[in-house]
Number of protein chains: 2
Amino acid sequence: MSGNQRQSKRIQTRRENERLILEAAEKVFAEAGYGGATMQLIADMAGLPKANLHYYFATKEELYRTVVARIFEIWLHAAESFDNAPGPVEGIGAYIDAKMEISRRHPFGSKVWASEVMHGAPVIQDYLETTLREWTDGRIGAIQRWIDDGLMDPVDPRHLLYMLWATTQHYADFGHQIETLNGGAALDAGQWAGATETVKRIILRGIGAREIRPDLAK
Amino acid sequence: MSGNQRQSKRIQTRRENERLILEAAEKVFAEAGYGGATMQLIADMAGLPKANLHYYFATKEELYRTVVARIFEIWLHAAESFDNAPGPVEGIGAYIDAKMEISRRHPFGSKVWASEVMHGAPVIQDYLETTLREWTDGRIGAIQRWIDDGLMDPVDPRHLLYMLWATTQHYADFGHQIETLNGGAALDAGQWAGATETVKRIILRGIGAREIRPDLAK
DNA sequence: TCGTTTTCTGACCGTATGGTCAAGGTTGAG
DNA sequence: CTCAACCTTGACCATACGGTCAGAAAACGA
């Protein structure tokens, strides 16, 4: 209860409002698209007057950029699960787990990202050409090393990555379709686990991923 | 050169204009989203005055509905390749071929469909609940029969279908990202073939699909 | 307490959009 | 040729949107 770390009320309010706005914006951009989203709708959902949004974010595009950048951060963080794995079973398995978890917990963010890329990545083209390309090249190298080490079949690493992205993100981006085909109900915890297991199993078996067996190592 | 099948000029012009409008609309809706698309932009791309669009399609929404319905037709047609296949190798293989071909030849349509579903399917919810659900249930039955006949591993057919949709449509919907990671160039014919083969191989192997061997049949 | 900085907000503005309309042009059957 | 049905289009309209702004309110340092 002491005064340690007490934030000034100004900073506290600023953070809280920015959070409210960004969460509302993420949802509205995801559900209506950039063109269909209106500042008024975002303001209403955040519980703030529209003019207040423009106080924190000068323009609609700036707000959108901030939303997309935050999503990219989450994406990058999940990508770390790929690293430092001894083989494809651990690395790709953990990556699928992480990306399925993102689809489940951040469906709006995933949709905003998908929408952005589908429309030609007008605001994050530079991310694609720098950070994403570097990350991709690095992971391609890792996969190739696993292939060379005989830990999996020789599969084009690039297309394998695309498959991983596609299958995991599908559960967020096409969640509405999946929900409809599920009788109108969202997937429950067990169904999410089943989806994750099925995806992991098909892909790991499909690439002929082999467990590392230390007893066979020289 | 005879007059057989000569269309009256009126009908001819009507068809041509509707085609021009629908093609332009598909592209604009795909690139800008429903909210971002404007009738003026579509009109310019079709080479017609805006008022003329409203003569053929009363409202923006009606034009959009028509575009989406056309895409669904293509989708359904490709789905036929699943049928009458003796086993998963032929059925799923042909389906992947067909869907990859759609992604390649109709990227705009695929994006419009994806966008529509991502936004909660406001105009095609009835399709999802009727035609798509029936088609899906039928295919789930076919897959289950293959499993029962020992032609593939016991895999949840539902998630397998989602994987097929996700991986194939990804090449259209996320084509811009793939292009960027491909050094800024669209996939050439060889790369498309490589993608198709990789997807087919990983999935068919992943589900343990076995060729039918007539010599082993009773 | 006082003055300054930051935050908040209703009212307002210019513009772009979906849609309308009336008048003129074109086509084709009788 | 005639006339009705159909097609085309520039000009127009109401609305909704992103963005602005002046002034009130709150927070803060001294």
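So for region B:76-85 (the condition being modelled with pLDDT of 95 or more and of a type in the set (A, V, I, L, M, F, W, C)), does at least one residue qualify?
No, that holds for no residue.
Residue by residue through region A:123-153, note down the ones that are over 19 Å from A:ASP83 (Cα atoms) and surrounded by 13 or more Cβ atoms within 10 Å (Cβ to Cβ).
Passing the criteria: A:VAL123, A:ILE124, A:GLN125, A:TYR127, A:LEU128, A:GLU129, A:ASP153.
Out of the helices (runs of 4 or more DSSP H) lying entirely within region B:34-136, which hold 1 or more residues that are within 16 Å of DNA strand C (Cβ to nearest atom), within 14 Å of chain A (Cβ to nearest Cβ) and closer than 24 Å to A:PHE29 by Cβ?
Where helices (runs of 4 or more DSSP H) fall fully within region B:34-136 and carry at least 1 residues being within 16 Å of DNA strand C (Cβ to nearest atom), within 14 Å of chain A (Cβ to nearest Cβ) and closer than 24 Å to A:PHE29 by Cβ, they are B:39-46, B:60-79, B:107-118.
Sort out which residues of region B:16-40 are surrounded by fewer than 19 Cβ atoms within 10 Å (Cβ to Cβ) and in contact with a Phe, Trp or Tyr (Cβ under 7 Å, 6 or more places away or on another chain), and write them in order of number.
B:ASN17, B:GLU18, B:GLY36
Residues that are free of Cβ contacts under 8 Å to residues at least 12 places away in the same chain and within 22 Å of A:HIS77 (Cβ to Cβ): does region A:154-167 have at least one?
Scanning region A:154-167 turns up at least one residue that is free of Cβ contacts under 8 Å to residues at least 12 places away in the same chain and within 22 Å of A:HIS77 (Cβ to Cβ).
I'd like to check something: does region B:172-181 contain any residue that is in a loop (DSSP other than H, G, I, E, B), surrounded by 18 or more Cβ atoms within 10 Å (Cβ to Cβ), within 18 Å of the chain's Cα centre (by Cα) and more than 7 Å from every other protein chain (Cβ to nearest Cβ)? It would help to see each step written out before you state the result.
Looking only at region B:172-181, we keep the residues that are in a loop (DSSP other than H, G, I, E, B), and these are B:174.
Among the residues that remain, those that are also surrounded by 18 or more Cβ atoms within 10 Å (Cβ to Cβ) are: B:174.
Add one more test, that the residue is within 18 Å of the chain's Cα centre (by Cα), and what stays is B:174.
Next cut, more than 7 Å from every other protein chain (Cβ to nearest Cβ) only: none.
No, region B:172-181 has no match at all.
The values are calculated or read from the model by the stated rules, or taken from the named source; none is laboratory data. Since this is a predicted model, take the numbers as computed values, not measurements. Every residue, glycine among them, receives a Cβ derived from its backbone with ideal geometry; neighbour counts consider all protein chains shown.
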